[in-house]
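I have placed the structure first, in the form of structure tokens, so that the comments after it can refer back to it.
The values are calculated or read from the model by the stated rules, or taken from the named source; none is laboratory data. Please read all numbers here as calculations on a predicted model, not as lab measurements. When we count neighbours, we look across all protein chains shown, and the Cβ atoms used for this are built from the backbone with ideal geometry, even at glycine. What goes into the accessible areas is simple: the full protein's heavy atoms, side chains included, and nothing from ligands, DNA or RNA. Shrake-Rupley method; radii C 1.70, N 1.55, O 1.52, S 1.80 Å.
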Amino acid sequence: MGGTQAGPGGDAAAAPARAPRGTIRYWAAAKAAAGTAEEPYEAATLAEALEAARGLHAERPEFARVLLRCSFLVDGDPVGTRVHDTVTLAEGGTVEVLPPFAGG
């Protein structure tokens with residue numbers, strides 16, 4: 001008789017969780033290899049975002065090679081030696097892709 005709808009599989013349970021969305025920014029050689037300065041991501045971890053980017057730029061083999069030499073900042077924090085699948089991404093976040101810089 002009540003005004004609530006109770007039952008298994010309610011609307012909230014039926015909606016799959018969406019991965020966070022944000023922006024990947026490429027600098028210097030990474031920007032040249034990607035052919036763009038930035039693009040969106042939809043991924044829960046840095047590893048997922050980079051794998052999606054590799055797939056998106058599969059026709060550019062240099063892109064994957066450049067990523068191997070890059071360091072990364074996630075929302076301004078250096079990733080350092082952390083394993084990329086342990087680095088979580090936030091909604092509206094930013095991943096900076098930084099190739100090694102020459103000079104001093």
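Taking every residue in segment 69-82 that is among the β-branched types (Val, Ile, Thr) and pairing it with any residue that is in a loop (DSSP other than H, G, I, E, B), at least 6 positions away or on another chain, the pairs with Cβ-Cβ distances below 6 Å are VAL74/VAL87; VAL79/VAL87.
Against the condition open to solvent by less than 90 Å² (accessible area, probe 1.4 Å), within 18 Å of THR36 (Cα to Cα), part of a loop (DSSP other than H, G, I, E, B) and not hydroxyl-bearing (Ser, Thr, Tyr), how does ALA90 come out, does it pass? No; evaluated as a whole, the condition is false for this residue.
The residues on offer are ALA13, ALA30, ALA37, ALA58, and the sole one that is at pLDDT below 95 and not hydroxyl-bearing (Ser, Thr, Tyr) is ALA13. Residue under question is GLY55, and the condition is that it be part of a loop (DSSP other than H, G, I, E, B) and surrounded by fewer than 16 Cβ atoms within 10 Å (Cβ to Cβ); does it hold? No, not satisfied.
If you go through segment 34-48 and keep only what is crowded, with 21+ Cβ neighbours inside 10 Å and in contact with a Phe, Trp or Tyr (Cβ under 8 Å, 6 or more places away or on another chain), you end up with ALA34, LEU46. If you go through segment 37-60 one residue at a time, do you hit one that is of a type in the set (Gly, Ala, Ser) and on the phi > 0 side of the Ramachandran plot? The answer is no; no qualifying residue exists. Applying the condition of being open to solvent by 100 Å² or more (accessible area, probe 1.4 Å) and farther than 25 Å from PRO100 by Cβ to segment 18-27 and asking which residue is modelled with the lowest pLDDT yields ARG18.
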